[in-house]
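S.K.: Would you mind keeping the following structure in view while I ask a few things?
The values are calculated or read from the model by the stated rules, or taken from the named source; none is laboratory data. As the structure is a computational prediction, the values presented were derived from the model and not from experiment. Cβ placement follows ideal geometry from the backbone for every residue including glycine, while neighbour counts extend to all protein chains displayed.
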Amino acid sequence: MALAPNTRLGRYEIRSKLGEGGMGEVYLAEDKQLNRKVAIKCLPPGSIASEQANRRLLREARAAANLDHPNICAIHEVGEEEGRSFIVMQYLEGETLDTRMKRKSLDLPESLTIAIQVTDALAEAHGHGIIHRDIKPSNIMITGRGAVKVMDFGLAKITQEGFAVDKEAETQSLLSTPGAVMGTVPYMSPEQVRGEQLDARTDIFSFGVVLYEMITGRQPFVAESSAGTISAIMTHEPPPLARYSREAPAELERIVSKALRKNKEERYQTAKDLLIDLRSLSDELQFEARLERSTPPDVSRDQTVVMSGAQAMVETDHQPVVRTSSEDEKSTREGIRGNIATALGGPLLSRIALVVIIAVFALAVAGWFYWRSANAKWAKEQVPRIEQLAQAQKYFEAYDLAAATQKYLPDEATITRLMPTISDTLTVTTEPTGAEVYLKRFSPDDSGQFP
């Protein structure tokens, strides 16, 4: 039975029901002592007597209460009233990432901003030996000010030195309990669906799925059934980001691909490493954006200096004046410098502006070489994967990745050799001439049949 408005739980007064999760019911309440809004999670009716549910509720509270981080939803108190256990949490006004993605598509800067904050929260949790195990868009809140909060540590597990101490049977029970993984399966790691022991790298895979979804607007492994989704998580490689997002840079493709490696030994080993790469990419894109917006100072158009041979003619808005270089060479040079200094606001500012222009140019050149090197490195790493996809007859995925790779390795021998296999050349004759032709891809279903 849901709690009615005005029900008291200690010093808290229930205002309304906010929703239900896989673990309990969440209510908006008022802290009468501190005069503030809070969110209260308590066990749903019928589960109060369950020792396992109570232990899980308290585990969530203990796990999150030990974390003090701006991107993690704070736990204020754990209480019990008339046999009902509850957690008092920070009340957040905003929307979940799931809601935002349904409302609008996220652009690249917004996606990276959210990704950096979530990864920072995971790095903090993992640093305290805590893994979340249920990272998904509905557990990520975005406040009205744009701050990101990771919520719902209902599946959180305290690990010992980064290695999980939970048992295989507990994870398997999550798969067999009705409703326990509803809406979560598409974000689970391969080791999680296999019921293996988990460590922090399971959160990295789950967040890789979330990051892929933010960039492309679709989940990488989703299928028509939970069994099909689990099969895809275990065996399928997600399509390249470039198939769905033209603005996704190659470095982001590399980051997402590494986060989604099925072998956890090949994944990012820590959330900190993932955070470093995301921040570096974000800084690089911001620098490029600033560089595009920056323009050199305008030179004054009131005076234009034209030099030719032994004479120098200074054109003004009025009558031109001709001087011989033998007589006025020095004054001409000073005049040129004076014109530039005047345009830039004086001798000191002219020197500063010149230094700034040179520095910006040097940074642009260095940034270009770094970006090119990173892209070439990423492209080389994709060649074995392209060959694997081709051998598995996943020609669509192989071609998309090969096309993206050839931008940086146009003469790569392996890709050149595979291209006749993974691509087809179509010749279309239309009647009437000039008609538009559309090509649509069809993927096989679980049975291998095409529609």
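S.K.: Scan the range 1-53 for residues that are of a type in the set (S, T, N, Q), at pLDDT below 90 and part of a loop (DSSP other than H, G, I, E, B) and report the count. Step through it out loud before you land on a result.
M.R.: To start, the set of residues in the range 1-53 that are of a type in the set (S, T, N, Q) comprises 6-7, 16, 33, 35, 47, 50, 52.
Still in the list and also at pLDDT below 90: 47, 50, 52.
Adding the requirement that they be part of a loop (DSSP other than H, G, I, E, B) leaves 47, 50.
Number of matching residues: 2.
S.K.: For the range 9-40, which positions are free of Cβ contacts under 8 Å to residues at least 24 places away in the same chain, farther than 11 Å from residue 91 by Cβ and surrounded by 14 or more Cβ atoms within 10 Å (Cβ to Cβ)?
M.R.: The answer is 11, 13, 17, 25.
S.K.: Looking for whichever is assigned to a loop (DSSP other than H, G, I, E, B) and either within 18 Å of residue 397 (Cα to Cα) or not hydrophobic (A, V, I, L, M, F, W, C) (or both) here; the options are 213, 224. Which one fits?
M.R.: 224
S.K.: For the subset of the range 372-400 comprising residues that are touching a residue at least 40 places away in the same chain (Cβ under 8 Å) and under 13 Å from residue 423 (Cα atoms), which member is surrounded by the fewest Cβ atoms within 10 Å (Cβ to Cβ)?
M.R.: Result: 396.
S.K.: Would you check which residues across the range 373-394 are polar (S, T, N, Q) and not in a helix (DSSP H, G or I) and list them? Full working, then the answer.
M.R.: First, pick out the residues of the range 373-394 that are polar (S, T, N, Q): 373, 375, 382, 388, 391, 393.
Scanning the range 373-394 gives a single hit, 393.
S.K.: Select from the range 188-229 the residues that are within 29 Å of residue 113 (Cβ to Cβ) and polar (S, T, N, Q) and write down the one among them that is surrounded by the fewest Cβ atoms within 10 Å (Cβ to Cβ).
M.R.: 219
S.K.: Give the number of residues within the range 247-268 that are within 23 Å of residue 235 (Cβ to Cβ) and either in contact with a Pro (Cβ under 6 Å, 6 or more places away or on another chain) or not basic (Lys, Arg) (or both). Walk me through it before giving the result.
M.R.: At the first step, the residues of the range 247-268 found to be within 23 Å of residue 235 (Cβ to Cβ) are 253-268.
Next, from what is left, pick out any that are either in contact with a Pro (Cβ under 6 Å, 6 or more places away or on another chain) or not basic (Lys, Arg) (or both): 253, 255-257, 259-260, 262-263, 265-266, 268.
Result for the range 247-268: 11.
S.K.: Sticking with this structure for a sec: Can you tell me which residue in the range 395-431 is farthest from the chain's Cα centre (by Cα), limited to those that are charged (D, E, K, R) and assigned to a loop (DSSP other than H, G, I, E, B)?
M.R.: Narrowing the range 395-431 to residues charged (D, E, K, R): 397, 400, 407, 411-412, 417, 424, 431.
Of the ones still in play, those that are also assigned to a loop (DSSP other than H, G, I, E, B) are 407, 411-412, 424, 431.
Details: 407: 23, 411: 31, 412: 30, 424: 33, 431: 46 Å.
Top of the filtered list is 431.
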